[in-house]
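Okay, structure first, notes after.
The values are calculated or read from the model by the stated rules, or taken from the named source; none is laboratory data. Remember, predicted model here, so these are calculated numbers, not experimental data. Every residue, glycine among them, receives a Cβ derived from its backbone with ideal geometry; neighbour counts consider all protein chains shown.
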2 protein chains.
Amino acid sequence: MENITRILFDLLIMFAAAKIMGEIFERIKQPTVIGEILAGMLLGPYIFGLIHPLQVETFHVYQVLAEIGVIILLFTIGLHIRVDDILRVGRTSSIVGVLGIILPFFFGYLYTLTMEHTTVEAMFIGAAMVATSVGITARVFADLGILDSRVAKVILGAAVIDDILGLLVLAVVTGVGKGAISYVKITLITLEAVGFIFFLIIIGKRLIYRVAPTLNFFKSKNAPFALALLLCLGLSAVASYIDLAAIIGAFMAGMVLAELNAQFRFSAKFESLYDFLVPFFFVVMGTQVDLSVFTKFNLIGAALILTLFAILGKLIGCGLGAFNLGFKEASVVGVGMVPRGEVGMIIASIGLGMGIISTDLYSIVIFMVIATTLLTPPVLAKMISKKFVKKKEAEKVEELPVDL
Amino acid sequence: MENITRILFDLLIMFAAAKIMGEIFERIKQPTVIGEILAGMLLGPYIFGLIHPLQVETFHVYQVLAEIGVIILLFTIGLHIRVDDILRVGRTSSIVGVLGIILPFFFGYLYTLTMEHTTVEAMFIGAAMVATSVGITARVFADLGILDSRVAKVILGAAVIDDILGLLVLAVVTGVGKGAISYVKITLITLEAVGFIFFLIIIGKRLIYRVAPTLNFFKSKNAPFALALLLCLGLSAVASYIDLAAIIGAFMAGMVLAELNAQFRFSAKFESLYDFLVPFFFVVMGTQVDLSVFTKFNLIGAALILTLFAILGKLIGCGLGAFNLGFKEASVVGVGMVPRGEVGMIIASIGLGMGIISTDLYSIVIFMVIATTLLTPPVLAKMISKKFVKKKEAEKVEELPVDL
C-alpha cells in the first residue's frame, strides 16, 4: 500500500479532468461523455502522459474501478427499461430495431475483413457498430419539445430492442472470442446468451413481485439498496463466469428491478455511486486510445470509412424499418438512430481487454463513436425544425442519469 | 483483466457477508460494524479461506477499495462536525476529551514497551487506544431517551475533541513511522499536522462561505457533489503526500464542508458511495486478523490486559475530567467514553499496512476494540436506568450514517 498516495493523486486528476471536460462539453451543448473520453486522452500517454496503461500495478486498479463503473452504468440503464416496455413496443419499433442491428453489424464485419483482420476481430467491430445511443436523440427531441411525437416514440422503442439485441450480439462475440470458433460452439453460446437473457426476463418479473414485500423484513438501514447491489454484483459475476460479459448481467439485474424502481427509488439511491465511478470508465477508456494512429494516413482513412458505414448502416436499416411512416419521418428515424455511444465503446474495450482487437482498431471505433455522436444533433435539429412546430419553452425529459 | 470474474465473485461474497452479519448484529442489537469485521474474519484465511491477503494481485485491489471506503467514512464523519461545534464545546467536555486521550495513549504505549516491542510500535498501539467511538454511547442514550441530558452533552462534546486529537496523534505517529525518530523530527511533524488541521479549520470556514454561491455557476448535473468529492480526494492525497494519513485529509474536507451540509445535502448524496465502499474497509480489516494469535496463551493474556488498560484509561481520564459533575455523573461519562471503534482500528491497520506493527499486535487491537464496544452498552444501560427517568418511546437521534 505504499503507492496509495500515487493512486489518490491519480484518482483526483482523473476525476477532476472528467468533471472539467464534462462541464465544458455541457456548456457547448455536447454530450458530457465525449468530454470524459477526451479527458482520458489528454491524461493518457500521448499528450500529458499522467496516466499510463503500461504502469500495470496502478492501472489494474483503475481498470477494476472502471469495470465497476460500467457495471453500475448498465445496471442503471436497465433500471429504466421495464419488461413490459419491451413487450409493448410496436411493430415498427421492432423492425427498426432489428434492421438497425443487422446492417451495421455486417457493414462493420465485412469492412474489417477487407482490412485483413481475423474473423473474431471483424465480429467485435461489427458488434461495436450495433447499439444506438438514443440519449443524444432524445435530448434533441426534448429540446425541440417533440418527445411525444410518433417519430420519437418509434425511436425510443427501437432503442430498447436495440440495446438488448446489442448485448446479445456482444454475448455471442465475447463467447466466441474466448474459445475456438466453430459453428457448434457459436450456436451453443448463442443459446446460452438467449437463455440467460430470456430466463431473467420471464422469471425475473414474477419473482421480483414475490420478493418485494419481504424486503421490509430486513432491519438493516438501506436493505433494499444492499440487495439491489447484491443482485447487480451477483448477476455480473455469473454472466462473466459463463463467458458472457459482466455488463450483461448488470443490465439484466437492472431490468429485473425496474419494476420496483419507483417504489424503492433505486436510481436515486445509486446516484453517487454512479457519479463517482462511471467517469472513471470513460477516462480509462480515453487513456487507452492510441492517438498516434491518427498520424497514419491509411488509418485515418479506415476511421472515416468505418464512420461512413456506421452512418449508412443505421440510415438504411432503420430508415427501411420505418418506411411505413413515409419518407420524411422514416429519414428522421434513420438519422435519429445514428449516434453510437457507451455500448459501442464498451464492446471495443472488452475486445481490447481480451487482447482480441488491436489498439488501432480500438482507436478507430472510438473515433467512429465520437463522430456519429457529434454529427447527429445538428443534422437532426435542421431536419426537424422544418417539419415540426417548435415549442418556445422546451420541456426536459425525465432523464436517465446517463449523460448522453 | 482476466481475473475480473474472480474479483466480481470476491466483491460479491465480501459485500454479502458484510450485509448478512450486519443484519444479524442489528437484530441482536449490537453494532453492525462488529458484524462486518467478523464477516471478514469468517472469509479470511483462518476460517473459510475465501479471501486471502497473500493473493497480492487481487487483494491489492480490495485494499484500494477499502482505502477509498475509509476515506468516505471519515469524510462523512467530518461532515457532521462543524467548526463552530468545536469552538463551542464547554470547558468540561474539553478536559474530558484531553484527559481521555492522554491516559489511554500512555497506558497503551507503556504496556507495549513492557512486551519488548519497539518505540514506534508502542506509539501506534498508544494511538489506537485513543479515540472513543461515541456512536455506541449515543445510541444507548437515544434508546433511553436522555440524549438531551448534561452527561450526554458532555460526552458528545468530548468525542469531537477526542476525534480531532486522535487524528492529530495518528498524524504524528504516522510521520514518525515513516522516518527515523528524533525529537526534532517529531516536533516538525507535530507542527506540520497541527498546521494542516488548524489551517483548514480557520481558513476552511471563511473560504467555503465565499465559494458556496459560485457553485450555482456550474452547469453539470450534481456539480456540488463532484466538487465535494474532489475536495475529499484532494485533501486526502495532500495529507498522504505530506506523510499524514489520507483519512486526516478526508476528515478535514468533511469538516470544512460541514457548514454547507444542510444546504447541499452532502451526507445524503454520499450515501450510496458510503453504503457500498465502507463495508469493504471493515471486511478487509477482518480478513487480516490472525485468529491463530488467540490460540497462544500469552497473546490472549496480552489482549485481555490491553483491553483492561483501554477501559481504565478512559474511565479514569474521562471520569477525572468530569469530576465537577459529581461522582455519579462523572462515572457515567467515564463508562460512556470507553468504546473504541473505527478510528482505533484504522490506526492499527495503517500500522499494519506500513509494516510497523505485527499481525499479533494488530489482532490484539482488534480484540480490544470489539471487547470495549460490546461491553459498554449493557453496563451503561444499567447505570443509567437507575438514575434517569426512562421514556417509553425512545426517540432516535438524527443519526450519522456511521453504524456504530
Answer with yes or no whether B:Phe225 is closer than 20 Å to B:Ile350 by Cα, modelled with pLDDT of 85 or more and either at the interface with chain A (Cβ under 10 Å from one of its Cβ atoms) or part of a helix (DSSP H, G or I) (or both). no
Applying the selection to the range B:1-60, what residues are among the acidic types (Asp, Glu) and modelled with pLDDT under 95? B:Glu2, B:Glu23, B:Glu26, B:Glu36, B:Glu57
Taking the range B:270-296 only, how many residues are within 13 Å of chain A (Cβ to nearest Cβ), in a helix (DSSP H, G or I), under 24 Å from B:Asp360 (Cα atoms) and among the polar types (S, T, N, Q)? 0
Pull up the range A:103-119, narrow it to residues that are of a type outside the set (Phe, Trp, Tyr) and surrounded by fewer than 17 Cβ atoms within 10 Å (Cβ to Cβ), then point me to the one that is nearest to A:Ala158 (Cα to Cα). A:Leu110
Which of (1) surrounded by fewer than 23 Cβ atoms within 10 Å (Cβ to Cβ); (2) touching a helix residue (DSSP H, G or I) at 6+ places or on another chain (Cβ under 6 Å) is the odd one out, the single condition B:Phe280 does not satisfy? (1)
Residue satisfying condition, being surrounded by fewer than 19 Cβ atoms within 10 Å (Cβ to Cβ) and among the aliphatic types (A, V, I, L, M), within set A:Val56, A:Val64, A:Val70: A:Val56
Write out, first by first residue and then by second, each pair whose Cβ atoms fall under 7 Å of each other, whose residues are 6+ apart or on separate chains, and whose first residue, in the range A:231-253, is more than 9 Å from chain B (Cβ to nearest Cβ) while the second is among the charged types (D, E, K, R) and buried (at least 24 other Cβ atoms within 10 Å of the Cβ). none
Would you confirm whether any residue within the range B:273-290 is free of Cβ contacts under 8 Å to residues at least 60 places away in the same chain, more than 18 Å from the chain's Cα centre (by Cα) and on the phi < 0 side of the Ramachandran plot? no
Residues that are within 20 Å of A:Leu374 (Cβ to Cβ) and of a type in the set (Phe, Trp, Tyr), drawn from the range A:283-304: A:Phe294
Per the filter on the range A:178-223, residues surrounded by fewer than 11 Cβ atoms within 10 Å (Cβ to Cβ) and aliphatic (A, V, I, L, M) are A:Ala180, A:Val184
I'd like the full set of residues that are part of a helix (DSSP H, G or I) and small (Gly, Ala, Ser), limited to the range A:137-184. A:Ala138, A:Ala142, A:Ala152, A:Gly157, A:Ala158, A:Ala159, A:Gly166, A:Ala171, A:Gly175, A:Gly177
Return the pair list, or none, for Cβ contacts closer than 7 Å from residues in the range B:131-145 that are closer than 19 Å to B:Leu167 by Cβ to residues that are among the basic types (Lys, Arg), at least 6 apart or on different chains. B:Ala131/B:Arg340; B:Thr132/B:Lys314; B:Thr132/B:Arg340; B:Ser133/B:Arg340
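Table: residues versus (1) farther than 14 Å from A:Leu73 by Cβ; (2) among the β-branched types (Val, Ile, Thr).
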residue: A:Ser240; (1), (2): yes, no
residue: A:Ala246; (1), (2): no, no
residue: A:Gly249; (1), (2): no, no
residue: A:Ala258; (1), (2): yes, no
residue: A:Phe281; (1), (2): no, no
residue: A:Gly286; (1), (2): yes, no
residue: A:Val289; (1), (2): yes, yes
residue: A:Leu299; (1), (2): yes, no
Selected residue [assigned to a helix (DSSP H, G or I), under 30 Å from B:Leu227 (Cβ atoms) and within 20 Å of the chain's Cα centre (by Cα)] from A:Leu233, A:Leu257: A:Leu233
Which fully enclosed helices (runs of 4 or more DSSP H) of the range A:1-118 have 3 or more residues being within 10 Å of another protein chain (Cβ to nearest Cβ) and of a type in the set (Gly, Ala, Ser)? A:4-27
Which residue, of A:Ile86, A:Ile146, A:Ile155, A:Ile136, is modelled with pLDDT of 85 or more and among the hydrophobic types (A, V, I, L, M, F, W, C)? A:Ile155
